[in-house]
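Shown next, in structure tokens, is the structure this report addresses.
The values are calculated or read from the model by the stated rules, or taken from the named source; none is laboratory data. Since the structure is predicted, the reported quantities are computational estimates derived from the model, not experimental observations. All Cβ positions, glycine included, derive from the backbone under ideal geometry; neighbour counts span all protein chains shown. Just so you know, the surface numbers come from the protein's heavy atoms only, side chains and all, with ligands and any DNA or RNA stripped out. Shrake-Rupley method; radii C 1.70, N 1.55, O 1.52, S 1.80 Å.
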Amino acid sequence: MADAFHLQIVSPAKLVINGYVPMAEIPGLEGDFGVLPGHAPLFSMLRPGVIGVTMSDGSRRHFFAASGYADVTPEKCTVLSDHISDLADMSLHEAEDALREARQALSEANDGDTKQAAEKLVSATEAMVAALQTH
């Protein structure tokens, strides 16, 4: 399939996508990047954000990834993330509630490790709310 590459999006809970697609956009730590067939080899950590996938039928799907990494070769892209959610299955109201809870946990953090974990959670939930507001 010269006009598609093999995409796998994997979380601990399930295999989210496993098939051939013409394009994917991935939120890399140093910026978003697009993957097309024949892409140069690349390894990137993910930042909290939206993975956009153009399916073989031309439809688009969007997934929120909290963290993880992407491994790209000319024939394949594998995305591994500790948390992947289909934006179509997410509620802005629930995300806003989660953000309030994360900010509360940050305000109550009393040691360095707890504060660092709470800051990471706030960052991820802020990105989730922003993703739901724009998609």
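Listed values, structure above:
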item	result
Given (1) farther than 19 Å from Met23 by Cα; (2) in contact with a helix residue (DSSP H, G or I) (Cβ under 9 Å, 6 or more places away or on another chain), number of the condition Val50 does not satisfy	(1)
Among residues of the stretch 94-111, those that are open to solvent by 50 Å² or more (accessible area, probe 1.4 Å) and part of a loop (DSSP other than H, G, I, E, B), counted	2
Every residue from the stretch 29-40 that is surrounded by 10 or more Cβ atoms within 10 Å (Cβ to Cβ), assigned to a strand (DSSP E or B) and of a type in the set (Gly, Ala, Ser)	Gly34
Cross-chain or 6+ apart pairs with Cβ under 8 Å, the stretch 2-25 first and within 20 Å of Pro37 (Cα to Cα), then surrounded by 12 or more Cβ atoms within 10 Å (Cβ to Cβ) and among the basic types (Lys, Arg)	Phe5/Lys76; His6/Lys76; Leu7/Lys76; Gln8/Lys76; Ile17/Arg61
Pairs, first in contact (Cβ under 8 Å) with a residue 60 or more places away in the chain in the stretch 85-106, second part of a helix (DSSP H, G or I), C-beta under 7 Å, six or more apart	none
The stretch 101-129, residues that are touching a strand residue (DSSP E or B) at 6+ places or on another chain (Cβ under 6 Å) and of a type in the set (Gly, Ala, Ser)	Ala127
